[in-house]
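Right, one structure below, let's go through it.
The values are calculated or read from the model by the stated rules, or taken from the named source; none is laboratory data. Because the structure is predicted, anything quoted here is derived from the model rather than measured. Positions of Cβ are backbone-derived with ideal geometry, glycine not excepted, and every protein chain shown enters the neighbour counts. The area values use the complete protein model at the heavy-atom level, side chains included, leaving out ligands, DNA and RNA. Shrake-Rupley method; radii C 1.70, N 1.55, O 1.52, S 1.80 Å.
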Amino acid sequence: MLFAQIGILIAGFIFLVKGADFFVDGSSAIAKAFKIPSVVIGLTIVSFGTSLPELAVSVTSALQGLDGISFGNVVGSNIVNLMLVAGLTAIISPMKLEKSLMQKDFPFSILVAAVLVMLLADTFFTGAETDFISRADGIILLLFFCIFMYSTVSYTISSQQGECEDKSEKPAAPVWKSTIITILGLAGVISGGQAVVKSATYIAKAAGMSDTLIGLTVIAFGTSLPELVTSIVAARKGENDIAIGNVIGSNIFNILFILGVSSVIRPLTIEGCGIFDTLILIGCSSLVWLMARPRLKLGRFAGIVMVLLYIAYDFYIFAR
């Protein structure tokens, strides 16, 4: 039975990754058919698509009362994205970072994690028995997300004004075909998310692992596969700004939108270690920002440090 559940878990991850792939391709084609600028597509649909597996798993977990998986998946995925995905990408191809990313988006991702800690610390601020993310907290996170998206899209569109359109761009696929692809992708993500949550919960119970631990490790890594593939492929093509931008954008999206939606659906009760894991995320983010800031670059040495720290973090959470 255990081996069958492991097989279902792997199949669920495949459905998640390929479903997200189909969803991005289909919805991007629909957007292009309606003449939506490609820069807006990249900032909205593509960033949403690479985080779709995390969204499916966290929302499904919240609906089933598995708060540890819902929260652990988001924080764990962010640590995987930053330390493992960006670290491996830097090892493969040292990354030069845009000044605007280091001055605006990267610090904002750290601020977002700090806001999450403040919203989580109910035992400290109100004397509550447990820490939790309430519906009101979820609405605050979603408001931050709306402000961030409006600011980013407005800034990018204004900076693109006057630039010529790419005449070599391929014509959009028929809307009916793109719609079918989008629906199939969404179905794959939903079914994959349900399979991952159910099988992971069974495996966690069989192995004596907590929901939070399985969310921070197995599920976090599996749902970060789109970011891992996207960033490594971008790095090998020399498009390092896409690689690191994908990581930072996904981390902001995961906390603000995914935790926001999940907690609005159902308030999430968080184990005491949840705040500590979020503080580790803040520490890792600050360290990477400080390493990259002087020369606006993440080199191979920094990448090796990041991957080793991720491995050390995994040893720590298993030991505790």
**Study point:** Stokes-Einstein diffusion coefficient of the stretch 195-320, Kirkwood radius over Cα pairs, 37 °C, 0.692 mPa s, in µm²/s
**Key:** 198 µm²/s
**Study point:** Solvent-accessible surface (1.4 angstrom probe) belonging to Cys284, in square angstrom, nearest 10
**Key:** 20 Å²
Review point. Tell me, in nm to one decimal, what length is gained between Arg320 and Ala121 on full extension, where the rule is 0.36 nm per residue of separation less the Cα-Cα distance?
Key: 69.6 nm
Review point. Taking the Cβ-Cβ separation of Trp176 and Met1 as r and a Förster radius of 51 Å, what is the calculated FRET efficiency to the nearest 0.05?
Key: 0.75
**Study point:** Amide H partners (placed H, <5 Å) of Lys297, local residues excluded
**Key:** Leu97
Revision key, fill the gap. The base-10 log of I(q)/I(0) that the Debye equation returns for the stretch 1-144 at q = 0.14, 0.20 Å⁻¹, one scatterer per C-alpha, is -0.97, -1.45
Review point. For the stretch 209-292, which whole-number percentage of the solvent-accessible area (1.4 Å probe, protein heavy atoms only) is attributable to carbon and sulfur atoms?
Key: 69 percent
Exercise for review: Please go through the stretch 41-148 and write out the GluC sites (Glu not before Pro) that DSSP classes as loop and that have at most 12 other C-beta atoms within 10 Å.
Suggested key: Glu129
Point to revise | the chain - charge dipole about Cα centre, Lys and Arg +1 at Cβ, Asp and Glu -1, debye rounded to 20 | key: 700 debye
Check your understanding: Distance from the Cα centre of the stretch 1-31 to that of the stretch 304-320, in angstrom?
Key -> 27 Å
Review point. Can you work out ³J(HN,Hα) from phi for every residue in the stretch 109-117, in order, using Karplus 6.51 cos²θ - 1.76 cosθ + 1.60 and θ = phi - 60°, giving whole Hz and x for Gly and Pro?
Key: 5, 5, 4, 4, 5, 5, 4, 4, 4
Exercise for review: Taking H placed 1.01 Å from N in the peptide plane, check which residues at least 5 places from Ile270 or on another chain put their amide H under 5 Å from its amide H.
Suggested key: Asp131, Phe132, Ile133
Check your understanding: Using alpha-carbon pairs under 8 Å, 6+ residues apart, how would you state the relative contact order of the chain in percent?
Key -> 44 percent
Review point. Computed on alpha carbon atoms, what radius of gyration and Dmax characterise the chain, expressed in Å?
Key: 19.2, 61
**Study point:** Highest-first arrangement of 196-203, 298-305, 71-78, where packing means the average Cβ count within 10 Å
**Key:** 71-78, 196-203, 298-305
Review point. Can you flag which of Lys104/Lys297; Lys32/Lys104; Lys177/Lys198; Lys18/Lys99; Lys35/Lys237 are past 23 Å Cα-Cα?
Key: Lys32/Lys104; Lys177/Lys198; Lys18/Lys99; Lys35/Lys237
Practice item. For the chain, report the accessible area per residue in Å² (1.4 Å probe, heavy atoms, rounded to an integer). Key: 47 Å²
Check your understanding: Which residue, chosen from Leu213, Gly299, Asn246, occupies the Cα position most advanced towards the positive end of the dipole of the stretch 201-320, where the dipole is computed from +1 (Lys, Arg) and -1 (Asp, Glu) charges on Cβ about the Cα centre?
Key -> Gly299
